Amino acid sequence: MKIWVDSDSCPRQIRQIIVRASIRVEIKTVFVANVNIPDAKNKWSSMQLVPVGEGEADKYIVRNGEKGDMAITRDIPLAADLVKMGLLVLDDRGSVFTADNIGERLSMRNAMTELRSYGVMSKSSGTMSNKDIQQFANAFDKELRTWQNNFEKKIDFGV
């Protein structure tokens, strides 16, 4: 059982929550990015540097993630791949990606990307409010507890 963090775009506050949780519950956590992430190294957390390039962190997580692991990413195509592999996947706002909702989320992401390419919409600023951070912390804690219980009972995540 391992937590994978797509760290290239993961906000610092979210990384800190994940590090504290990995230490608290003693779960190995791997932060994957093409730049060194401060404070990601301790007994339970490690940093995996990948080459600079589009999707390198994503490829690493897909190659190394295993059914039953957890992943944190805002990258919806990566989330879709990981859900298909049987990982529990959350975004940095605390939303859970599932087999039931990932298709809709991927379609919405593709539509928004197309609208931005036509100049109809601008890209979101991506700044996180305290409410966003608290929402992630609450959802992550809930999913982490459920995930641990399911893992201990060897319950399949439905994939």
Discussion item. Can you tell me which of (1) more than 22 Å from T127 (Cα to Cα); (2) part of a loop (DSSP other than H, G, I, E, B); (3) among the acidic types (D, E); (4) at pLDDT below 90 is the one E104 doesn't meet?
Written reply: (2)
Practice prompt. Might you let me know whether the range 123-133 holds any residue that is at pLDDT 90 or above, under 16 Å from M1 (Cα atoms) and touching a Lys or Arg at 6+ places or on another chain (Cβ under 6 Å)?
Written response: no
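Of the residues R24, R15, which is free of Cβ contacts under 8 Å to residues at least 12 places away in the same chain and outside any loop (DSSP other than H, G, I, E, B)?
Working: R15 fails: free of Cβ contacts under 8 Å to residues at least 12 places away in the same chain.
Exactly one residue qualifies, and that residue is R24.
If you go through the range 48-69, how many residues are on the phi < 0 side of the Ramachandran plot, touching a residue at least 24 places away in the same chain (Cβ under 8 Å) and not in a helix (DSSP H, G or I)? Reasoning before the result, please.
Here is the first cut: in the range 48-69, the residues on the phi < 0 side of the Ramachandran plot are 48-52, 54, 56-67, 69.
After this cut, where a residue has to be touching a residue at least 24 places away in the same chain (Cβ under 8 Å) as well, the list is 57-58, 60-61, 64-67, 69.
Filter once more, so that each one left must be not in a helix (DSSP H, G or I): 65-67, 69.
The total comes to 4.
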Worksheet item: What are the residues in the range 1-44 that are at pLDDT below 95, among the polar types (S, T, N, Q) and under 13 Å from the mean Cα position of the chain (by Cα), if any?
Response: S7, S9
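The values are calculated or read from the model by the stated rules, or taken from the named source; none is laboratory data. Predicted model, so just to flag it, every value in this text is computed and none were measured. Using ideal geometry, Cβ is built from the backbone for each residue, glycine included, and neighbour counts are taken over all protein chains shown.
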